[in-house]
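*Asks:* Below is one structure. I have some questions about it.
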Amino acid sequence: MLKKTAIAGLFTLISAYSMAQNTTLPIYLDESKPVEQRVQDALSRMTLEEKVAMLHAQSKFSSPGVPRLGIPEFWTTDGPHGVRPEVMWDEWNQAGWTNDSVIAYPALTALSATWNKKMSWNYGKALGEEARYRKKDILLGPGVNIYRTPLNGRNFEYMGEDPYLTSKMVVPYIKGVQSNGVATSVKHYALNNQEMFRHTSNVIVDDRTLYEIYLPPFKAAVTEGNSWTIMGAYDMYKGQYASQNQYLLNDILKKEWGYKGVVVSDWGAVNNTEQAIHNGLDLEFGSWTNGLSAGTKNAYDNYYLAKPYLDLIKSGKVGTKELDDKVTRLLNLAYKTTMNTKKPFGNVASEEHKAVAKEIGEEGIVLLKNQGNVLPIDLNKAKRIAVIGENAIKIMTVGGGSSSLKVKYETLPLDGIKSRFGKQADVKFARGYVGDIGGEYNGVQSGQDLKDERSADILLKEAVDLAKNSDYVIFVGGLNKSDFQDSEGNDRKSYGLPYNQDNVIAALAKAHKNFAVVLVSGNAVAMPWIKDVPTVLQSWYLGSEAGNSIASILAGDANPSGKLPFTFPVKLEDNSAHQLGEYPGNKEELAAGKGKDQKNPINIKYNEGIFVGYRWHDTQKIKPLFSFGHGLSYTTFKFGKAKADKTTISQNDTITFTVNIKNTGKKAGAEVVQLYINDIKSSVPRPSKELKGFEKVFLNPDEEKEVSITIDKTALSFFDAEKHEWVAESGDFEALIGNSSDAIKTKVKFTLK
Ligand code: BGC
């Protein structure tokens, strides 16, 4: 008996061995073969139906692979601040998994405010690891739409108003994420600069503005960052929806920039089969099942790039050239992601990830004002600390739209402050005002009960009384992630702070001189009380470690080094889109009710052209409340006199500027050396300065460093729309070096031959 079993076992082994010897892997699975060959092999094995199936969603966030060939499905996820919780197959609502909570990283505005490329890589690497662990292949982010108006509800998900800063900060994020075998999907390409009318508007922008302001971050993302996918936007450009747009996708992205990756539609952004086939889209998501329009049976078969496409091919009305191109791109993506056997396994909520989130938060917080050095809090004097304001106790990772998260934990500002100061000081809280008590998104509950029915007067009195009986008063307010605040789908209705906060702040400023306002927001806000408030911190949405990052800055454990990635105008009308441009759209068309549906879209003309943000303020000499690039420190820095390595350069030369920077204070800290270029005389209107280089420098007290920044003619060029090329005109230029767009410390003149 034993013998028999042993012999049978031996036989099995031998036959398995000989089978393995005889089996040759099909080329598409053979890792020793070049990817192009594997792609061609896979393509040659696929039926027409299998190819078409790959081009569109099969659920809210996934698209099919080729089951017969073992080519896996693609699983996408939002993006961009953490990995979104699992939703139902066909609905936005929660799937109810219990293993899908993650770390929330600071919002992209905060990342951008670090002006530190290293932070951006750390961010991408950590986030990519979480995406990988959650078995995601495509992360729907980062967002790089330029900050045109402070009302845009989605500014918090983007990187500010400057194309250069955004370009430099987005590239390491992409590389970090993709080092995990997870693709990024840089979004929303292009011209989605407001939420209002995002599905029903047509943006009119001149070519120069398009190329100088709105396209550079996308170009950097695909040409330098090599983002494996890119997401088309909802809005129209030249009368065509961006996700099926000949100009944006074919002419610019795929031809001019040579993009070989995958164009993903925004969810529900496709509405025309012919355009989707011919104008450069590769992968369609969210068209039905209440993505944008209504649900229908067998929804996914009815996608524009599904049965309608198949029918057109079968009837001979369209060929298969576009189809094969799209599938080739998707297969290439598969070899980098789903079929990449070398990709790491990832991890979620490691100590490293928490540290990354905390550090980016600390580096991103911007000290806007600190008269009389109210901050850092003097631990010897602070026996009683008053914390006032709803944002000290409100969960901010739930809400805001598609970037909403389900987190392992979120440290609230009040808790962060208590755990940092609680040993030495009595930390007391008063609400001050009631703003928004909601705390739910797509079925994720914040779990907080923020109901408070006391009157505004009673809340205010309680806050002022507490302030008067304290040594330090920290107000934590700002905006939140509710509809019409910092949230997807709608814009803010006004520039001011909501919920009576201006009154509360003004009263607290009168009550105590050791007073600091901490603004939690992703947007600029009006500050009518600014003269009376000594200290203001701009704290963005900082994710899981929010409270700890804030407390660390308040205590001076970390020295603030963030710089604003966008201008804070004094009033809304000072912003160029509001003064010159059309927001939220053409006035007459607005009055005539346009923009209500896709049949009656509204035009939005960017009349301000290239004069966006500080380009407008500085050229027009409109003093902002706080300028682009602004941010203070607990120490002081001195800039030396800048030098250039030559006085004249030719078109193919580079020029290097060097400046000495010294920490002249008593605390270690970091300063951002910012290089702006001014074209002294030009044949076209140019901004008085444009950012073309920056470097963050860490210095101990008394330490000094030489910082060198090299540029070439691209930093001197403007986009000549007629010639359709970048032109650097010979003549005199100035390199302006400082620590904010309105604080230039040293200048060097040079000439381009
Ligand atoms: C948003 C995208 C998001 C997608 C999927 C869309 O409404 O605009 O940014 O990635 O939904 O959630």
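The values are calculated or read from the model by the stated rules, or taken from the named source; none is laboratory data. The shown structure was predicted, so the numbers you read here are calculated from the model rather than taken from an experiment. Positions of Cβ are backbone-derived with ideal geometry, glycine not excepted, and every protein chain shown enters the neighbour counts. With ligands, DNA and RNA removed, areas are computed over all heavy atoms of the protein, side chains included. Shrake-Rupley method; radii C 1.70, N 1.55, O 1.52, S 1.80 Å.
*Asks:* Quickly work out the Asp653-to-Glu36 label distance, labels modelled 7 Å from Cα along the C-beta direction, and quote it in nm with one decimal.
*Replies:* 4.1 nm
*Asks:* Relative to the present Cα-Cα distance, how much length would full extension add between Asp206 and Lys531 at 0.36 nm per residue of separation? If you can, show how the numbers build up before the last one.
*Replies:* Details: separation 325, 0.36 × 325 = 117.00 nm, distance 3.95 nm.
Net length gain for the segment: 113.0 nm.
*Asks:* Same structure, new question: Quick one: length gained pulling Ser179 to Lys314 fully straight, 0.36 nm per residue minus the C-alpha distance?
*Replies:* On the way: separation 135, 0.36 × 135 = 48.60 nm, distance 4.03 nm.
My answer for the length gained is 44.6 nm.
*Asks:* Can you give the FRET efficiency for Arg45 and Lys493, using 1/(1 + (r/R0)^6), R0 = 60 Å, r = Cβ-Cβ distance, to the nearest 0.05? If you can, show how the numbers build up before the last one.
*Replies:* Numbers: r = 55 Å, r/R0 = 0.92.
Approximately 0.60, to the nearest 0.05.
*Asks:* What's the ranking of 348-355, 125-132 by average number of surrounding C-beta atoms within 10 Å, highest first?
*Replies:* Values: 348-355: 15.9, 125-132: 26.2.
Output ranking for 348-355, 125-132: 125-132, 348-355.
*Asks:* Taking only protein heavy atoms into account and a 1.4 Å probe, give the accessible area per residue of the chain in Å².
*Replies:* Numbers: 28600 Å² over 753 residues.
Accessible area per residue, the chain: 38 Å².
*Asks:* Sticking with this one: Do any GluC sites (Glu not before Pro) in segment 686-720 lie in a loop, going by DSSP, with at most 16 other beta-carbon atoms within 10 Å of their beta carbon, and if so which? Please report the intermediate quantities before stating the final value.
*Replies:* On the way: sites: Glu690, Glu695, Glu703, Glu704, Glu706; in loops: Glu703.
Within segment 686-720, the qualifying GluC sites (Glu not before Pro) (loop, at most 16 other Cβ atoms within 10 Å) are Glu703.
*Asks:* Specify whether the C-alpha gyration tensor of segment 602-753 places it in the rounded, prolate or oblate class, a ≥ b ≥ c being the square roots of the eigenvalues: rounded for a/c under 1.5, otherwise prolate if a/b is larger than b/c and oblate if not.
*Replies:* Details: a/c = 2.64, a/b = 1.39, b/c = 1.89.
Oblate.
*Asks:* Further, regarding this structure: Expected output is a single nm value to one decimal: the length gained when fully extending between Asn226 and Arg68, i.e. 0.36 nm times separation in residues minus the C-alpha distance. What is it?
*Replies:* Values: separation 158, 0.36 × 158 = 56.88 nm, distance 3.05 nm.
Extending this stretch completely gives an extra 53.8 nm.
*Asks:* Would you be so kind as to identify which of Gly562, Val476, Ala425 lies farthest towards the positive end of the dipole of segment 365-566, taking Lys and Arg as +1 and Asp and Glu as -1 on Cβ and the Cα centre as origin?
*Replies:* It is Ala425, whose Cα lies furthest towards the positive end.
*Asks:* A follow-up question, please. Toward the positive end of the charge dipole of the chain, about the Cα centre and with charges on Cβ (Lys, Arg +1; Asp, Glu -1), which of Val673, Ser185, Gly70 goes farthest?
*Replies:* Of Val673, Ser185, Gly70, it is Val673.
*Asks:* Can you list the residues, at least 5 places off or on another chain, whose amide H is less than 5 Å from the amide H of Phe637, using H built in the peptide plane?
*Replies:* Thr664
*Asks:* Probe radius 1.4 Å, ligands and nucleic acids ignored: give me the carbon and sulfur share of the accessible area of segment 365-566 as a rounded percent. Mind dumping the intermediate values first?
*Replies:* Values: 3370 of 6980 Å².
Roughly 48 percent of what the probe reaches on segment 365-566 is carbon or sulfur.
*Asks:* While we're looking at this one, here's another question. Do any of Lys358/Lys461; Lys493/Lys713; Lys326/Lys599 go past 31 Å between their Cα atoms, and which?
*Replies:* Values: Lys358/Lys461 34 Å; Lys493/Lys713 42 Å; Lys326/Lys599 29 Å.
From the list (Lys358/Lys461; Lys493/Lys713; Lys326/Lys599), the Cα-Cα distance tops 31 Å for Lys358/Lys461; Lys493/Lys713.
*Asks:* So for the chain, averaging the separation of alpha carbon pairs under 8 Å that are six or more residues apart and normalising by length, what relative contact order in percent results? Before the final figure, lay out each step's value.
*Replies:* On the way: 1818 pairs, mean separation 104.7, N = 753.
After rounding, I find 14 percent.
*Asks:* With a Förster radius of 51 Å, plug the Cβ-Cβ distance of Thr619 and Thr24 into 1/(1 + (r/R0)^6) and report the FRET value to the nearest 0.05. Write down the numbers at each step before the final one.
*Replies:* Values: r = 67 Å, r/R0 = 1.31.
My answer for the efficiency is 0.15.
*Asks:* Among the trypsin sites (Lys or Arg not before Pro) within segment 363-401, which fall in a DSSP loop and have no more than 15 other Cβ atoms within 10 Å of their own Cβ? If you can, show how the numbers build up before the last one.
*Replies:* Working: sites: Lys369, Lys381, Lys383, Arg384, Lys394; in loops: Lys381, Lys383, Lys394.
Sparse-neighbourhood loop trypsin sites (Lys or Arg not before Pro): Lys381, Lys383.
*Asks:* Further, regarding this structure: Taking Lys587 as the anchor, which lysines have their alpha carbon closer than 16 Å to its alpha carbon, excluding any fewer than eight residues away along the same chain?
*Replies:* Straight-distance partners of Lys587: Lys596, Lys605.
*Asks:* Then there is this: Quantify, in whole percent, the carbon and sulfur part of the accessible surface of segment 632-752 (1.4 Å probe; protein heavy atoms only).
*Replies:* Working: 2630 of 5580 Å².
That share works out to 47 percent.
*Asks:* Calculate the FRET efficiency for Asp465 and Thr636 from the Cβ-Cβ distance with a Förster distance of 45 Å, rounded to the nearest 0.05. Display every interim value, and only then the final one.
*Replies:* Working: r = 37 Å, r/R0 = 0.82.
E between Asp465 and Thr636, to the nearest 0.05, is 0.75.
*Asks:* Pull up the cross-link candidates among the aspartates and glutamates for Lys749, meaning alpha carbon to alpha carbon under 20 Å and not fewer than 8 places away within one chain.
*Replies:* The reachable aspartates and glutamates, counting only those whose Cα sits under 20 Å from Lys749, are Asp618, Asp645, Asp653, Asp679, Glu690, Glu706, Asp712, Glu729, Asp732, Glu734.
*Asks:* Moving on. With a 10 Å radius around each residue's Cβ, average the other Cβ atoms per peptide and rank 448-456, 40-48, 268-276, highest first. Before the final figure, lay out each step's value.
*Replies:* Working: 448-456: 10.9, 40-48: 15.4, 268-276: 20.9.
Put in order of decreasing packing, that is 268-276, 40-48, 448-456.
*Asks:* Additional query: Give me the percent relative contact order of segment 632-752, please, defined on Cα pairs under 8 angstrom at least 6 residues apart. The partial results should precede the final answer.
*Replies:* Details: 282 pairs, mean separation 37.1, N = 121.
Dividing the mean separation by the residue count of segment 632-752 yields 31 percent.
*Asks:* At Asp452 and Ser730, where each label point lies 7 Å from the Cα along Cα→Cβ, what is the point-to-point distance in nanometres?
*Replies:* 6.8 nm
*Asks:* Can you give the % of DSSP beta bridges in the chain that are antiparallel, to the nearest 5? Before the final figure, lay out each step's value.
*Replies:* Values: 55 of 98 bridges.
That works out to approximately 55 percent antiparallel.
*Asks:* Beta carbons within 10 angstrom, averaged per residue: use that to sort the peptides 498-507, 419-428, highest first. Numbers along the way, then the final one.
*Replies:* Working: 498-507: 19.4, 419-428: 16.2.
Highest mean packing first, the order is 498-507, 419-428.
*Asks:* Compute the relative contact order of segment 365-566 as a whole-number percentage, counting only Cα pairs closer than 8 Å that sit 6 or more residues apart in sequence.
*Replies:* Details: 402 pairs, mean separation 70.5, N = 202.
About 35 percent, as a whole number.
*Asks:* Would you tally the net charge around Asp30, using a Cβ to Cβ cut-off of less than 12 Å, leaving Asp30 out, and scoring K and R as +1, D and E as -1? Display every interim value, and only then the final one.
*Replies:* Details: positive: Lys33, Arg38; negative: Glu31, Asp41.
Cβ neighbours under 12 Å give a net charge of 0.
*Asks:* Then there is this: Do the alpha carbons of any pairs in Lys336/Lys563; Lys118/Lys187; Lys175/Lys623; Lys168/Lys705 sit beyond 30 Å of each other, and which pairs?
*Replies:* On the way: Lys336/Lys563 36 Å; Lys118/Lys187 22 Å; Lys175/Lys623 37 Å; Lys168/Lys705 22 Å.
As for pairs spanning more than 30 Å Cα to Cα, those are Lys336/Lys563; Lys175/Lys623.
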